[in-house]
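J.: The following block contains the structure, expressed as structure tokens.
The values are calculated or read from the model by the stated rules, or taken from the named source; none is laboratory data. Owing to the predicted nature of the structure, the values given are computational and were not obtained by experimental measurement. No Cβ is skipped: glycine too gets one built from the backbone with ideal geometry, and neighbour counts run over all protein chains shown. With ligands, DNA and RNA removed, areas are computed over all heavy atoms of the protein, side chains included. Shrake-Rupley method; radii C 1.70, N 1.55, O 1.52, S 1.80 Å.
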Amino acid sequence: MKRTLIVAAAFAALAFGQSYKPSEANRQSRAWFQDAKLGLFIHWGVYSVLGNGEWVMNNQKIPIAEYEKLPAKFNPTEFNAAEWVSMAKNAGMKYITITSKHHDGFAMFATKQNRWNIVDATPWGKDPLKMLADECRRQGLKLFFYHSQLDWHHPDYYPRGRTGQTAGRSESGDFNRYLDFMDAQLQELLTNYGDIGGIWFDGMWDKPDAEWRLQKTYGLIHRLQPAALVGSNHHLKPFDGEDFQMFEKDLPGQNTAGFNDKSEVGSLPLETCETINNAWGYNASDKRFKSTKDLIHYLVRSAGNNANFLLNVGPMPNGKIQPEFVTRLAEMGDWLKVNGEAIYGTRGGPFAPRNWGAVTEKGNKVYVHVLDWRDELLAIPAIPNVKSAAMLKNGQKVDFQNVSGGTLLRLPKARMDPVDTIVVLER
Ligand code: H79
């Protein structure tokens, strides 16, 4: 009887696609990921030559024949992997997620699957992902690859999806052959670059009803590198075989950017990504930079939501990162060097973020991040058994009083920090 039940359960699991059991190594990666809290997103591709974002091919209706003239002009002679990785490390980032291929299909690595790649098609002819992988290992950061499932360039991405209609692709194609091509590229990424943090998929939303063979692709990744984390920016609740869940331009559960109307916060480790100006890929004219304070607040609110913050830069076609990004990252790093205790290794909670700020916790400590509050008394939901309250900055005691249903913290103006006033509660 028992045996029948087990067989039935296994059958049901397969039938309902619930067959994935993360390995022990994968579970450890997930815990590492949740402790890491801050990563650097890098959108770099041949589109950087045009300085108009990574969607330029689609937005300006550039046909493939025209777009294929770009690689000849892409010569990032000033690229320096050590400089990028040091910049990320000094910003307090623990991992880097870089585009191995974006929607234009152009591979930023030495793929043997076609010649539409940085090594074969540009005068520079080098593999920046290899250099970054080596440098990340040297400096102790993990490297993830962003890989677009959507492809505006590949002839077998057919039938076409909602975007890329103006690329001038042929009127036929074999989607399974495209997926074979994608799996072959992923196999290269998971075998030629050492241990990889994971794969960050994007673009499935272009053809939501297609058969994406997710289990085959996810299975391939987990077979090659069981510790690698798989996530996909499909804006839906997680599918079987995924290891983390990401939110684009929104904190988990929010939908201000319009991408997350169908998303549901699941039980996997969480991540949210955001840009410094409003572009992912290099945009020469977008000067609406968020302030360092805004970026720190986003980090704190992410942590309070139990999510990582993946902050983006779009490097220039010469291989440099623009100074407006570099200075902001350095300032975030300065802040984290002092306040990192209240971010790294924490989890969100014990209560959800509020308008005034967010809370994180680690062991017997709760970190109350007061981001936006002007009065001397702040009422927070009750946290049982608090024994002491002190400023993280200097250890000075903070007066607190338990009242019915909550706790009052006394925060004199002189104590308030212009960026984040952090009070440590000990239980
Ligand atoms: O890589 C960055 C962007 O290029 C990529 N994701 C980040 C990380 C991205 N940009 N936009 N999107 C993903 C979602 C785009 C959704 C839209 Fe649509 C495409 C809105 C309109 C066309 C999906 C398809 C929703 C409606 C149709």
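J.: Under the classification rounded if a/c is under 1.5, otherwise prolate if a/b is larger than b/c and oblate if not, where does segment 294-352 fall, given a ≥ b ≥ c as square roots of the Cα gyration tensor eigenvalues?
T.: prolate
J.: Still on this structure: Could you tell me what percent of the accessible area of the chain is made up of carbon and sulfur, with a 1.4 Å probe and every protein chain present?
T.: In the chain, the share of accessible area belonging to carbon and sulfur is 52 percent.
J.: Now, a different point. Whose amide H sits under 5 Å from the amide H of ILE42, counting only residues 5 or more places off or on another chain, with H placed in the peptide plane?
T.: Excluding prolines and chain starts, which carry no amide H, the hits are THR97, ILE98, THR99, VAL313.
J.: If you take the square roots of the eigenvalues of the alpha-carbon gyration tensor of segment 99-205 and sort them as a ≥ b ≥ c, do you get rounded (a/c under 1.5), prolate (a/b over b/c) or oblate?
T.: Prolate is the answer for segment 99-205, as a/c is 1.5 or above and a/b outweighs b/c.
J.: Please give the FRET efficiency for ASN59 paired with SER23, using the beta carbon to beta carbon distance and R0 = 45 Å, rounded to the nearest 0.05.
T.: With a Förster radius of 45 Å, E is 0.65.
J.: Can you give me the orientation-averaged projected area of the convex hull built on the Cα atoms of the chain, in nm²?
T.: Reported value for the Cα convex hull: 23.2 nm².
J.: In addition: Give me the extension gain from VAL326 to GLN165: residue separation times 0.36 nm, minus the current Cα-Cα distance, reported in nm with one decimal.
T.: 54.4 nm
J.: Using a Förster distance of 45 angstrom, determine the FRET efficiency expected from the C-beta separation of ASN318 and ARG410, and round it to 0.05.
T.: 0.30
J.: Tell me, how many Å apart are the Cα centres for segment 270-337 and for segment 163-198?
T.: The distance from the Cα centre of segment 270-337 to that of segment 163-198 comes to 28 Å.
J.: Could you pull out every one of the lysines with an alpha carbon less than 17 Å from that of LYS21, ignoring same-chain neighbours closer than 8 positions?
T.: Result set, ordered by chain and number: LYS216.
J.: Going down the list LYS101/LYS249; LYS37/LYS207; LYS69/LYS112, which pairs span over 26 Å between their C-alpha atoms?
T.: Correct reply: LYS37/LYS207.
J.: Go ahead and estimate [θ] at 222 nm for the chain from helices alone: -39,500 (n - 2.57) per DSSP H run with n ≥ 4, summed, over the residue count, rounded to 500.
T.: -8500 deg cm²/dmol
J.: Using only Cα atoms and rounding to the nearest 10 degrees, what angle (0 to 90) does helix 24-36 make with the longest principal axis of the chain?
T.: The helix 24-36 is inclined about 60 degrees to the chain.
J.: Find how much the distance from ARG223 to ASP294 grows on full extension, using 0.36 nm per residue of separation minus their present alpha carbon separation; answer in nm with one decimal.
T.: Taking 0.36 nm per residue and subtracting the Cα distance, the gain is 21.5 nm.
J.: Sort LYS101, LYS237, LYS293 by accessible area with a 1.4 Å probe, largest first.
T.: Largest accessible area first, the list is LYS237, LYS293, LYS101.
J.: Here is a further query. Report, to the nearest 10°, how far helix 2-15 tilts away from the longest principal axis of the Cα atoms in the chain, using its own Cα long axis and a range of 0 to 90°.
T.: 70 degrees
J.: Helix 128-139: angle to the longest alpha-carbon principal axis of the chain, degrees 0 to 90, nearest 10?
T.: That helix lies at roughly 30 degrees to the long axis.
J.: While we're looking at this one, here's another question. Which of the lysines could a cross-linker bridge to LYS320, judged by Cα under 16 Å and excluding same-chain residues fewer than eight apart?
T.: Within the straight-line limit of under 16 Å, LYS320 reaches these lysines: LYS73, LYS126.
J.: Could you give the accessible area per residue of the chain, probe 1.4 Å, as a whole number in Å²?
T.: Per residue, the chain has 42 Å² of solvent-accessible surface.
J.: Among rounded, prolate and oblate, which fits segment 308-427 when a ≥ b ≥ c are the square roots of the eigenvalues of its C-alpha gyration tensor, a/c under 1.5 means rounded, and a/b larger than b/c means prolate?
T.: Because a/c hits 1.5 or more and a/b exceeds b/c, segment 308-427 counts as prolate.
J.: Show which lysines lie in cross-link reach of LYS387 when reach means a straight Cα distance below 24 angstrom and same-chain residues fewer than eight apart are skipped.
T.: Cross-link targets: LYS362, LYS365, LYS397, LYS413.
J.: A follow-up question, please. State the answer as a single residue: which of GLN187, LEU371, ASN312 lies farthest towards the positive end of the charge dipole of the chain, with beta carbon charges of +1 for Lys and Arg and -1 for Asp and Glu, about the Cα centre.
T.: Most positive-ward Cα: LEU371.
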